[in-house]
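These notes are about the structure you will find just below.
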Amino acid sequence: MAELNQLIGALNHAADVIEENKQHLTELDGAIGDGDHGINMSRGFSFVKKTLDEGGFQTPADLFKKSGMALVAHVGGASGPLFGTAFLRASMALKDKTEINSEDYISILKAAAEGIKMRGKSQAGEKTMLDALIPAYEAGETALSQGKDTQEVLQAVKAAARTGATDTEKLVAKKGRSSYLGERSLGHQDPGAASTALILGAIADYFAAL
Amino acid sequence: MVGIVLVSHSRKIVEGIKELASQMSKDAPVALAGGTDDDRLGTDITKISSAIHDVYSDDGVLVFFDMGSAYMNAQMALDFLEEDSSKVEIVDAAFVEGAITAIVDSGLNKSMDEIKADIASMKLGKMP
């Protein structure tokens, strides 16, 4: 599926998509949170881009580790430690692999979800990024078990993440700033789930265009 | 003396708590990690790590936090700490009351355990 330079390309594309959607993410967060998600993610991913530009990565694991540290250090909101932990867990799952295939991709999404659960003491159904990420890797697992090819797996992940993010409108927030609003959070999409869907969508689009 | 670190989304909140505590105690080692490095509202792992580093000693460090990402970033700071993280503890307490009690206690040379006992009744269930 991907060697190091393609992973760099995919993450760069994800960072661009986050930047393009900065205003949208901030509006989602403004409705039920503290209104800084777009700015925080844009800032964090601008440092990811800087890290990618500097290069010098030994392995995909190294790439994910350095990108994760950039997010941890520069996002500023709860998404920093959460996305940061997700990237660091992805790094740990890859060990010393030199390229990744579609099975590896699903494994790192699963490892990332486990990391977010641990860091945020959260689970599915609490109106968080997990509600995009968990259905995404589950759809990926199903596609793999049906013998689908890499592009189909990536598209299945993208579509499930998108649906999962949209469906957070039906959930009452249990974590983060929006949990202070309780029932009032209904009808609004979770910004963390929305940015998760954007990132997974950007990765799928990048490889589809190769 | 036990080091006290205050982590908040807001620089003004931690400065205010330190100011309030200084009426009663000027001796305790207190370090602040409020806001992000570009002075927005938020918390910053690098600021938290360097605050812990500034007040670290064998007597230990207690880390107080306000909410949400402050706790997660404090945990991550501990994960990556250069110092012995077993001597650094994040505590669940009402931020203002807990921090001021701990700052006064530390100034009186109380130990980590004595301070923790003094703030035990101020838990808010912030560390699930």
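The values are calculated or read from the model by the stated rules, or taken from the named source; none is laboratory data. Small disclaimer: the values here were computed from a predicted structure and weren't measured. Counting neighbours? That spans all protein chains shown, and the Cβs are built from the backbone with ideal geometry, glycine included.
Regarding residue B:32, is this residue surrounded by fewer than 24 Cβ atoms within 10 Å (Cβ to Cβ) and either more than 14 Å from the chain's Cα centre (by Cα) or among the polar types (S, T, N, Q) (or both)? Against the criterion (surrounded by fewer than 24 Cβ atoms within 10 Å (Cβ to Cβ) and either more than 14 Å from the chain's Cα centre (by Cα) or among the polar types (S, T, N, Q) (or both)), residue B:32 does not qualify.
When every residue of the stretch B:69-79 is checked against the conditions, none turns out to be more than 26 Å from residue A:122 (Cβ to Cβ) and either free of Cβ contacts under 8 Å to residues at least 40 places away in the same chain or surrounded by fewer than 19 Cβ atoms within 10 Å (Cβ to Cβ) (or both). For the stretch A:128-144, check the following and say yes or no: at least one residue is within 15 Å of the chain's Cα centre (by Cα), among the β-branched types (Val, Ile, Thr) and in a helix (DSSP H, G or I). Yes - at least one qualifying residue is present in the stretch A:128-144. Within the stretch B:46-68, the residues that satisfy the criterion of being touching a residue at least 60 places away in the same chain (Cβ under 8 Å) and either in contact with a Gly (Cβ under 9 Å, 6 or more places away or on another chain) or surrounded by fewer than 20 Cβ atoms within 10 Å (Cβ to Cβ) (or both) are B:62, B:64. Scanning the stretch B:1-45 for residues that are of a type in the set (Val, Ile, Thr) and touching a residue at least 12 places away in the same chain (Cβ under 8 Å) yields B:2, B:4, B:5, B:7, B:13, B:14, B:17, B:30, B:43, B:45. Looking at this structure, is residue A:187 of a type outside the set (A, V, I, L, M) and under 13 Å from the mean Cα position of the chain (by Cα)? The answer is no for residue A:187. Answer yes or no: is there a residue in the stretch B:66-82 that is more than 29 Å from residue A:86 (Cα to Cα) and at pLDDT 95 or above. Scanning the stretch B:66-82 turns up no residue that is more than 29 Å from residue A:86 (Cα to Cα) and at pLDDT 95 or above.
The requirement of being small (Gly, Ala, Ser), closer than 27 Å to residue B:42 by Cα and at pLDDT below 95 is satisfied by residue A:178. I want to confirm something. Restricting to the stretch B:47-86 and keeping residues that are more than 14 Å from chain A (Cβ to nearest Cβ) and assigned to a helix (DSSP H, G or I), which single residue is farthest from residue A:36 (Cα to Cα)? Restricting to residues being more than 14 Å from chain A (Cβ to nearest Cβ) and assigned to a helix (DSSP H, G or I), the top hit is B:86. Inspect all residues belonging to the stretch B:10-26 and state whether any of them is under 12 Å from the mean Cα position of the chain (by Cα) and within 11 Å of chain A (Cβ to nearest Cβ). No, the stretch B:10-26 contains no residue that is under 12 Å from the mean Cα position of the chain (by Cα) and within 11 Å of chain A (Cβ to nearest Cβ). Here residue B:114 fulfils each of the conditions (1) among the acidic types (Asp, Glu); (2) buried (at least 20 other Cβ atoms within 10 Å of the Cβ); (3) more than 14 Å from chain A (Cβ to nearest Cβ) apart from (2).
Can residue A:167 be described as surrounded by fewer than 19 Cβ atoms within 10 Å (Cβ to Cβ) and at pLDDT 95 or above?
So residue A:167 passes the test.
Looking only at residues of the stretch B:89-99 that are away from chain A (no Cβ under 14 Å) and more than 10 Å from the chain's Cα centre (by Cα), we find that the one that is surrounded by the most Cβ atoms within 10 Å (Cβ to Cβ) is B:93. Flag: residue A:122 does not match the condition of being within 14 Å of chain B (Cβ to nearest Cβ) and assigned to a helix (DSSP H, G or I). Of the residues A:87, A:64, the single one that is of a type in the set (Phe, Trp, Tyr), under 16 Å from the mean Cα position of the chain (by Cα) and more than 14 Å from chain B (Cβ to nearest Cβ) is A:64.
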